[in-house]
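*Asks:* Attaching a single structure in structure tokens format; questions to follow.
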Amino acid sequence: MPMQLWLIPILPLAGFLVNGLFGRRFSKGIVNAIAIGSVALSFAWVVKTLLGLDLDHAYTERYFTWIQSGAFQVNCEFTVDKLTAVMLLVVTGVGSLIHVYSLGYMAHEGGYYRFFAYLNLFMFFMLTLVLAANYLVLFVGWEGVGLCSYLLIGFYFDKKVATDAGNKAFIVNRIGDFGFSLAVFYIVKHFGTLDFKTVFEQAAGKPEGMLTIVGLLLMVGACGKSAQLPLYVWLPDAMAGPTPVSALIHAATMVTAGVYMTARSWPILIHAPAAMDAIAVIGIATAFFAATIGLAQNDIKKVFAYSTVSQLGYMFVGVGCGAFSAGIYHLMTHAFFKALLFLGAGSVIHALSGEQDMRQMGGLRKKVPWTFLTMMCAAVAIAGIPPFAGFFSKDAILLAAHAHSPWIYWVGTITAGMTAFYVFRAMFLTFFGEYRGNAQPHESSPVMLVPLAVLALLSIGGGFLFRIPEFLGSVFPPREVPEDGVLMAISTLAGVAGIAIAWLMYVAKPGMADAFAGGVKGLYTLVYNKYFVDEIYDAAVVGPLVNGSREVLSKGVDAGMIDGAANGVGARAQDIGGILRRLQSGDIRSYATWVLLGSVVAIVAIDLAGGIR
Amino acid sequence: MASVPISWFLTLSAVLFALGVAGFLFRRNIITVFMSIELMLNAVNLSFVTFAYQFKKVDGHLLALFVMVVAAAEAAVGLAIILTVFKRRPSLDIDDVNSMKN
Amino acid sequence: MDSFIVISLIKVAVVFAVLLTTLAYLQWVERKVIAHIQVRPGPYRVGPHGLLQPLADVVKLITKEDLRPPFVHKALYLAAPFMAMTLALMSICVIPFGPAIHLGGVPTWMQLTDLNIGVLFVLAVSSMGVYGVAFAGWASNNKYALLGGLRSSAQMISYELPMSIAIAAPLLLSNTLSLRTLVDTQAGGIWHWNVLRGPFPQIVSFVIFLIAAFAETNRVPFDLPEAENELVAGFHTEYSSMKFASFFMAEYANMITVSSMAVLLFLGGWMAPWPARYGSSVVPVLVFACAGAIALYHGIRPARRRDRYSLPVTGVVFLTVAAVFLLPMVQNWLLPLFWFGAKVGSILFTFMWVRGTLPRFRYDQLMGFAWKWLFPAAMLNLLVTGFLVAWVS
Amino acid sequence: MDVILFLVFALFAVACAINVVVQRHPITSAISLIGVMASLAVLYLLLGAEFIAAAQVIVYAGAIMVLFVFVIMLLNAGAELRSGRSLMAQALGVPLLAALLGIVAFFVQRLFPRETTTHFGGFTGGGAKEVGRALFTTYLLPFEATSILILIAIVGAIVLAHKELD
């Protein structure tokens, strides 16, 4: 019996269509019901489908032939296996929670229906991406979530910051997508198909060089979507969008699409060790690099944004070291605690009527107790303290990294310490000490707190409740990683140390942080300004590009050559037309005569050519 | 019982078609010109039906049917255009409808 | 071959004679019916109860001066009534009146000819019927006539659509286009007639067909083309004598055609409403016998002097007819003919009844009704029928 | 019998077609065209195309030509004036037409020798059932496309005529 997989993405799409087309006329209640109802139904259908399936074998449904060209064929088909199952549950589950949260968060915003329509559209594309059974359908979802990300970052389109950030995200992603599409072309050329199943079956027998190129190109795509070095720059700016969007798209789901895609492509990567190494190196570099920037940020959402970049780096380390299931494991737990952190930050921002600067916060522990409690769970989880969720997944990655090459482990451990430090720095600045702002803080409504509570429970228990590595054991190649109590203890200690230092600098001796910053002024400025990466990109890439376009392409090529050629053609055409216009007598009967003449000539010519037999 | 050669039908079709073309070329009344087009379409239909007979296949009939549908659509729009043109300039002479030239 | 031609000629002659007589007397019946609806006696002078009135009318029309107004388009003016009449009579060719019979040992059908596409033929001919009216209006070179002709052509084109679609629905049930087979599929009693037949009784379609038929024949309440208070007499304002009579006969012939079509498509043609073994074959005997008895009863105590003779004569005639229906050798063709005639007659009576009761539509109402109500209703009905037929089969 | 029928109706069709072209009054042309269509319908019957014959009468003669007649009446179109400006059409038209007819007739004779003949009843696949089956299976897509075309034509005609007649 078919499981009607198509219902999973179609439900949010229907929600998008209804809300997008008619939402303007609906009351908020109807918009809510449609938006949340469609996603919740989708979640319910996912659960029903997964319960009804034997997940040990991939289950595929084919809907129609999309492209047929000679032997090459692309079908529109969806597939479900265990990896998909994890992703589906994370996407629809966290997605539903964030939809509910948005009810409260967006209650007083303009363009209410537009927001939910975009959110539903995002769900549609994300689910298409996850369910895809070949690279082309995946690419559709891939591009679609990019579009929705762009729309939602620029949701406050009256703010230039927001629209610029949207453009930036879109353009930077374009670089990654270019890599991805090249990878797709390469796969078509060498495999003759885009089907996951067929491609993966054939991957073992293909030359390593080709697979390495495919792997590297896929990595470029993943770097764009998952904000890895050097394409991470769009993600911090993307925080200009509404906070639920940051939580859903830029923390929990879309940015993990790159990780999902590389993990999905493991049969290719496993035969391309060089590409795997590149992924691991880029991952750890990003993790470390972003963590250092996170140390000195004052905007609460920016801190978490860099934290996201850093954590994504971890996932890439997992994938790059061959511990695919560990990467997915971290993907899931990260979805829980990072969504929670963002939603909590959103709750705080909401409480302070839009204030995002941590220097204007402080002492909020008593004003917003529930938000504080839930965020604390997430903070402990991300710091990797057992038995919270983050501990298990981060540990799995770090152990795999140690087995792969120990230096990655050590860098990762230092990064873990920094992670604990900056997250708790943010927590302490926000919730401890004296209140430094002017707004009147108030606790958020229950509709926002309930999702926080649910996510808090998941952050606490998600790690040992959902043993993803065991669950996914049959999907990925088996990999023996020895349990090593010492290594586990070291990474945990790094987290504890980070928390302790943060406590020392921001709670116990509040003056110490500034003193320390003053002590290493150069370094601090460098980190505070995010290593001037944006400025460097401006100077190195954007500036030359703009100027080059303006000087060479616009003035030289366009005005000189193309316009000249076009004008020349136009002038010649005018000359010829001047002669031909005599035929255009405006007399329809002479036209008809020409047609007649033409057909007589044509018949005779066809006969002479032997066409009439 | 004597039977009719297929070529007679086709020749009849050709003759009707030529008469339609002649009407198109030599008439000046826009409605007559339009009717000449219908005559040509009819002539073509005849050859479709004849071919259907020759190949003993119903496809020719369907083509004729589609021609009829298109002719109906064409007549509706064409006559509406004629009405519109006539309201602007009370003449049905096809030679007077040449303002696009300038 | 020869007997075929002979029989065909006989049939043509019989049908033609019967039809033309019916046309003449239909006029008389209509005048009588409307008169009684309006509580007046109607034609009464010529013959008993005005029975010879049609003859007098015919004589009058034939002997009248054949006027031809100046400034008319001569050829078309003359051709128009001819066209109207010819096309009206043409449809009769394919209408079956009864089942197969043996005529002088040769089996034949009570029908001039059967076509595989009989229904389409009737539709085609009736769609050509517009021309008679339109040309008459235009050729008269008279503004009233032109307006009448234009109104009529627009009206007939508009109502042809709901009519065709309404016809398509029972065709789906019967799955044939031949009128004869159409009737055969409805054999076996009233619940097998298309109007009541499963899976979807065609009552809606029947009503739509009747309404469209009123418009197609330019009858009240859709007689806009000849609305005398606006257009004098519409398209036949300029016609007189036999040419006028032709239009008149064409109208009545069309009435008979559409009534027959309604009977064939929806009411089971010549089939009796219930099977003969439950006694449907004695119905005509009873009907005529009762009529005869009533006439005789009133003849014994006549209200008026002349009824002293006319009513007993009528009663005896009716009783004779009743007796004829008892003869076994004629029953097999007379009974179907009776049922067919009875059904067509009741629909024709409806035509007259409506004319006697309803006022005329306004023109925009007429068009709006066709396009905004009748057409969608017919479409919906066809859709539902199609679904149900597909569902059942 | 077939030959007689063919000749009668073919000659009638040609005569009517000539009349369409030579008559100067549009209404006469219209009536002649109806004659052409009616005789073509008979020829279709000869070729076993029952459904097409009925459709020819219903659609062409019964609907399209009514529209023409309607418009002619509405505009009260008179006879056309005798004087042409299109010299080219006059000069080139006749020889070209003769050439076209000659060529086509030549090819027809060459491609269809006299032995390939038709007789009534030689092809019975043209009834409503066969046409309907082909229409709703093989030709479903063109059928749907034409239905949309018709819809567009209806809307277009209404828009065009409505604006001006208001």
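Computed from the coordinates by the stated procedures, all read-outs in this text should not be read as laboratory data. Because the structure is predicted, anything quoted here is derived from the model rather than measured. Here Cβ is always computed from backbone atoms with ideal geometry, including for glycine, and neighbour counts include all displayed protein chains.
*Asks:* What does the C-alpha gyration tensor say about the overall shape of the stretch A:376-463? Classify as rounded when a/c is under 1.5, otherwise prolate if a/b is larger than b/c, or oblate. Let's see the in-between values first.
*Replies:* On the way: a/c = 4.29, a/b = 1.75, b/c = 2.45.
It comes out oblate by the Cα gyration axes.
*Asks:* Other chains' Cβ within 10 Å of D:9-19 residues: what's the mean? Numbers along the way, then the final one.
*Replies:* Numbers: counts 1, 8, 1, 0, 8, 4, 0, 3, 13, 5, 1.
Per residue, the number of nearby Cβ atoms from other chains is 4 on average.
*Asks:* I'd like to know how the stretch A:461-613 sits against the 2.2 N^0.38 Å rule of thumb: what's its Cα Rg over that expected value?
*Replies:* In units of the 2.2 N^0.38 Å rule of thumb, it is 2.61.
*Asks:* Compute the Rg/Rh shape ratio of the stretch A:280-523: radius of gyration over Kirkwood radius, all on alpha-carbon atoms.
*Replies:* 0.98
*Asks:* Amide H to amide H under 5 Å from D:Thr118: which residues, 5+ apart in sequence or cross-chain, H placed 1.01 Å off N in plane?
*Replies:* Those lying under 5 Å, H to H, from D:Thr118 are B:Val4, B:Ile6.
*Asks:* Arranged from highest to lowest average of other beta-carbon atoms within 10 Å per residue, in what order do the peptides D:44-55, A:176-187, A:318-329, C:62-73 appear?
*Replies:* A:318-329, D:44-55, A:176-187, C:62-73
*Asks:* Which value, in debye to the nearest 20, describes the size of the charge dipole of the stretch A:300-455 about its Cα centre when Lys and Arg Cβ atoms bear +1, Asp and Glu Cβ atoms bear -1, and nothing else is charged?
*Replies:* Here the size comes out at about 200 debye.
*Asks:* From the gyration tensor of the Cα coordinates in the stretch A:387-528, what semi-axes in whole Å does the equivalent ellipsoid have, largest first, with each one equal to sqrt(5λ)?
*Replies:* They are 33, 25, 12 Å, listed from largest to smallest.
*Asks:* If you take the Cα atoms of the stretch C:33-88, find Rg, then find the Kirkwood Rh from the mean of 1/r over all pairs, what is Rg/Rh?
*Replies:* So for the stretch C:33-88, dividing Rg by the Kirkwood Rh gives 1.17.
*Asks:* How tilted is helix A:28-52 with respect to the longest principal axis of chain A? Cα atoms for both, answer in degrees (0 to 90, nearest 10).
*Replies:* 90 degrees
*Asks:* Can you tell me the mean projection area, over all orientations, of the convex hull of the stretch A:529-582's alpha carbons? Units nm², please. Before the final figure, lay out the partial values.
*Replies:* Details: hull surface 18.4 nm².
Taking a quarter of the hull surface, the average projection is 4.6 nm².
*Asks:* Exposure proxy check: D:Phe136, C:Phe375 ranked by fewest other beta carbons within 10 Å?
*Replies:* D:Phe136, C:Phe375
*Asks:* Check each of the GluC sites (Glu not before Pro) in the stretch A:414-489 and keep only those in coil by DSSP with at most 10 other C-beta atoms within 10 angstrom; list them in order.
*Replies:* Numbers: sites: A:Glu434, A:Glu443, A:Glu470, A:Glu480, A:Glu483; in loops: A:Glu434, A:Glu443, A:Glu480, A:Glu483.
Qualifying residues, ordered by number: A:Glu434, A:Glu480, A:Glu483.
*Asks:* Using a Gaussian network model of chain D with C-alpha springs under 10 Å, which one of D:Leu74, D:Leu97, D:Leu11 is most mobile by mean-square fluctuation?
*Replies:* The residue that fluctuates most here is D:Leu97.
*Asks:* What does the average come to when, for each residue of peptide D:144-152, you count the partner chain Cβ atoms lying within 10 Å of its Cβ?
*Replies:* Mean shielding by partner chains, rounded to a whole number: 3.
*Asks:* Work out the length of the dipole vector of the protein assembly as shown about its Cα centre, built from +1 on the beta-carbon of each Lys and Arg and -1 on the beta-carbon of each Asp and Glu, and round it to the nearest 20 debye.
*Replies:* 3020 debye
*Asks:* Assuming 0.692 mPa s and 37 °C, estimate D for the stretch C:210-326 with Stokes-Einstein, Rh taken as the Kirkwood radius over Cα pairs, in µm²/s.
*Replies:* Stokes-Einstein gives a translational diffusion coefficient of 181 µm²/s.
*Asks:* With +1 on each Lys and Arg Cβ and -1 on each Asp and Glu Cβ, how big is the dipole of chain A about its Cα centre, in debye rounded to the nearest 20? Intermediate results must be reported in sequence, preceding the final value.
*Replies:* Numbers: 38 positive and 35 negative charges, 218 e Å.
Here chain A has a charge dipole of around 1040 debye.
*Asks:* For C:Gln53, what is the net charge nearby, where nearby means another residue's Cβ is under 12 Å from its Cβ and Lys, Arg count +1, Asp, Glu -1? Write down the numbers at each step before the final one.
*Replies:* Working: positive: C:Arg31, C:Lys32, C:Arg45, C:Lys60; negative: C:Glu30, C:Asp57.
With Lys, Arg at +1 and Asp, Glu at -1, the net is +2.
*Asks:* Once the convex hull of the alpha carbons of the stretch C:148-213 is built, what does its volume come to per residue, in cubic angstrom?
*Replies:* 88 Å³
*Asks:* For every helix of n ≥ 4 consecutive DSSP H residues, a contribution of -39,500 (n - 2.57) applies; sum these over the protein assembly as shown, divide by its total residues, and give [θ] at 222 nm rounded to the nearest 500 deg cm²/dmol.
*Replies:* Per the formula, -23000 deg cm²/dmol.
*Asks:* What's the long-distance tail for the stretch A:187-317, i.e. % of Cα pairs beyond 24 Å?
*Replies:* Value for the stretch A:187-317: 33 percent of Cα pairs lie more than 24 Å apart.
*Asks:* Cβ neighbours within 10 Å, averaged per peptide: list C:365-372, A:335-342 in order, most packed at the top. Kindly include the intermediate steps, with their values, before the conclusion.
*Replies:* Values: C:365-372: 16.0, A:335-342: 30.8.
With the highest mean Cβ count within 10 Å placed first, the list reads A:335-342, C:365-372.
*Asks:* Give me the net charge for the shell around A:Leu399: Cβ to Cβ below 10 angstrom, other residues only, Lys and Arg +1, Asp and Glu -1.
*Replies:* The answer is -2.
*Asks:* Hey, if you put +1 on the Cβ of every Lys and Arg and -1 on every Asp and Glu Cβ in chain A, which of A:Pro510, A:Asn438, A:Ala204 ends up farthest toward the positive end of that dipole?
*Replies:* A:Asn438
*Asks:* Could you calculate, for the stretch C:25-154, the ratio of the Cα radius of gyration to the Kirkwood radius, expressed as Rg to Rh?
*Replies:* We get a ratio of 1.08 for the stretch C:25-154.
*Asks:* Bin width 10 Å, origin at 0, all Cα-Cα pairs of the protein assembly as shown: what percent of pairs per bin?
*Replies:* Taking all Cα pairs of the protein assembly as shown, the binned fractions are 2, 7, 13, 14, 11, 10, 11, 11, 9, 7, 4, 2, 0, 0 percent.
*Asks:* Shielding of C:122-131 by partners, i.e. mean partner chain Cβ atoms within 10 Å per residue?
*Replies:* 5
*Asks:* Which of rounded, prolate or oblate describes chain A when judged by the alpha-carbon gyration tensor and an a/c cut-off of 1.5?
*Replies:* Prolate is the answer for chain A, as a/c is 1.5 or above and a/b outweighs b/c.
*Asks:* Rounded if a/c is under 1.5, else prolate if a/b beats b/c, else oblate: with a ≥ b ≥ c from the C-alpha gyration tensor eigenvalues square-rooted, which is the stretch A:247-394?
*Replies:* Here the stretch A:247-394 falls in the prolate category.
*Asks:* I need the P(r) histogram for chain C: all alpha carbon pairs, bin width 20 Å from 0 out to the longest distance, whole percents.
*Replies:* Answer for chain C: a P(r) of 24, 56, 19, 0 percent.
*Asks:* Hey, what do the phi angles of the stretch C:174-185 turn into as Karplus ³J(HN,Hα) couplings, whole Hz, using 6.51/-1.76/1.60 and θ = phi - 60°, x for Gly and Pro?
*Replies:* 8, 6, 7, 10, 7, 5, 5, 4, 4, 5, 4, 6
*Asks:* A further question follows. Using the scaling law 2.2 N^0.38 Å as the reference, what is the normalised Cα Rg of the stretch A:191-266?
*Replies:* Dividing the Cα Rg of the stretch A:191-266 by 2.2 N^0.38 Å gives 1.35.
*Asks:* For a footprinting-style exposure proxy, rank A:Trp407, A:Trp45 by other Cβ within 10 Å, fewest first.
*Replies:* Neighbour counts put them in this order, fewest first: A:Trp407, A:Trp45.
*Asks:* Name the long-range amide H neighbours of A:Met361: under 5 Å, sequence gap of 5 or more, or other chain; modelled H, no Pro or chain starts.
*Replies:* Here A:Arg436 satisfy the definition.
*Asks:* Hey, another quick one. Could you pull the Cα extents of the stretch B:28-96 along its three principal axes, largest to smallest, in whole Å?
*Replies:* So the extents along the principal axes, rounded to whole Å, are 50, 19, 9.
*Asks:* Kindly rank A:128-138, C:322-332, C:281-291 from highest to lowest mean number of other beta carbons found within 10 Å of each residue.
*Replies:* A:128-138, C:281-291, C:322-332
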